[in-house]
Ligand code: PAF
């Protein structure tokens, strides 16, 4: 496995790969890797000749400076994990390498980015699109892999790829959970023992709501989740929206769409956690 820190070196290595007619897969990450990332990389390794994993804590997507400062940075452990799952290249550039000058590009994919995280983290998706587009342009992958835990991010990246006509396939991968149900997240490492117990209330409430939804209206189900989260000590709900899985706009009845997802963001102490649940699976 090669560790590469500059775009130039990365492009030289990948030009060679392409010249041999090999396919390239990309898994963009911010490091602090866990089994969720490992599942993306394993799929990328299985479906491409060469798997590239980027590890870069992207400053432009943090609207909260404190969150950026506290974001875990664990490159050595990340490389160890990546070697174990068969990544060929780890691309871990510096901030100056990715942003030699300020990035003034503005990405706007309304209405996908004007709801949920778009409301609560202004500028976040603009930063995500800035870095992901830079990575797509540097790596020119055949396929790129993203987790469904960041459900809104995945929808926005798909839309960016469609509008920018990047010649690549976006592969969305299912959420990976701890045995007890908590969605894996690099942020979980910041939870105290007591907070970890509270955090479990998020997935438990979502799973219970799946059953509840069978005999209740969408509005009742929304209230069920809101009250469920409020009843867990240590959790503070930021939002819970039940949306069309493609447009991300709220729906008001189970009949409004064939693809319905509940998206939630909850503070557990100071740690902001997101999760989602599919009430109606996408029919392809
Ligand atoms: O999902 C993430 O970890 C980040 O938003 C991404 C896609 C790597 C861009 O920095």
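Here are the numbers for this structure:
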quantity	calculated
Per-region count, the range 145-155, residues over 26 Å from residue 94 (Cβ atoms) and either touching a helix residue (DSSP H, G or I) at 6+ places or on another chain (Cβ under 7 Å) or within 10 Å of the ligand (Cβ to nearest atom) (or both)	4
Residues satisfying the stated conditions in the range 230-267, i.e. outside any strand (DSSP E or B) and surrounded by 20 or more Cβ atoms within 10 Å (Cβ to Cβ)	245, 248, 251
Positions within the range 115-131 being within 13 Å of the ligand (Cβ to nearest atom) and touching a helix residue (DSSP H, G or I) at 6+ places or on another chain (Cβ under 6 Å), in sequence order	117, 124, 125, 127, 128, 129, 130
Qualifying residues in the range 135-144 (those that are more than 10 Å from the ligand (Cβ to nearest atom) and not in a loop (DSSP other than H, G, I, E, B)) - the one surrounded by the most Cβ atoms within 10 Å (Cβ to Cβ)	139
Odd one out for residue 23, checked against (1) touching a residue at least 60 places away in the same chain (Cβ under 8 Å); (2) over 25 Å from residue 105 (Cβ atoms); (3) within 16 Å of the ligand (Cβ to nearest atom); (4) touching a helix residue (DSSP H, G or I) at 6+ places or on another chain (Cβ under 9 Å)	(3)
Residue in the range 34-41 that is more than 16 Å from the ligand (Cβ to nearest atom), surrounded by fewer than 17 Cβ atoms within 10 Å (Cβ to Cβ) and part of a helix (DSSP H, G or I) present	no
Filter result (touching a strand residue (DSSP E or B) at 6+ places or on another chain (Cβ under 7 Å) and either away from the ligand (no atom under 16 Å from the Cβ) or without any contact (Cβ under 8 Å) to a residue 12 or more places away in the chain (or both)) within the range 181-206	191, 195, 198, 199, 201, 202, 203, 206
Subset tally (residues that are surrounded by fewer than 19 Cβ atoms within 10 Å (Cβ to Cβ) and within 16 Å of the ligand (Cβ to nearest atom)) for the range 1-20	1
Given (1) surrounded by fewer than 17 Cβ atoms within 10 Å (Cβ to Cβ); (2) in a loop (DSSP other than H, G, I, E, B), index of the condition residue 31 fails	(1)
Residue that is nearest to the ligand (Cβ to nearest atom), among those in the range 56-66 that are within 19 Å of the chain's Cα centre (by Cα) and at pLDDT below 95	63
Matching residues, the range 156-180, being farther than 16 Å from residue 39 by Cα, surrounded by 15 or more Cβ atoms within 10 Å (Cβ to Cβ) and either under 19 Å from the mean Cα position of the chain (by Cα) or away from the ligand (no atom under 16 Å from the Cβ) (or both)	156, 157, 158, 159, 160, 161, 168
Where residue 60 falls short, out of the listed (1) touching a helix residue (DSSP H, G or I) at 6+ places or on another chain (Cβ under 7 Å); (2) assigned to a helix (DSSP H, G or I); (3) farther than 17 Å from residue 132 by Cβ	(3)
Selection status of residue 143, under 30 Å from residue 104 (Cα atoms) and modelled with pLDDT under 95	no
Subset tally (residues that are within 15 Å of the ligand (Cβ to nearest atom) and part of a helix (DSSP H, G or I)) for the range 42-55	1
Single residue of the range 88-114 satisfying the filter (within 15 Å of the ligand (Cβ to nearest atom) and assigned to a helix (DSSP H, G or I)) that is farthest from residue 23 (Cα to Cα)	95
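The values are calculated or read from the model by the stated rules, or taken from the named source; none is laboratory data. The shown structure was predicted, so the numbers you read here are calculated from the model rather than taken from an experiment. Every residue, glycine among them, receives a Cβ derived from its backbone with ideal geometry; neighbour counts consider all protein chains shown.
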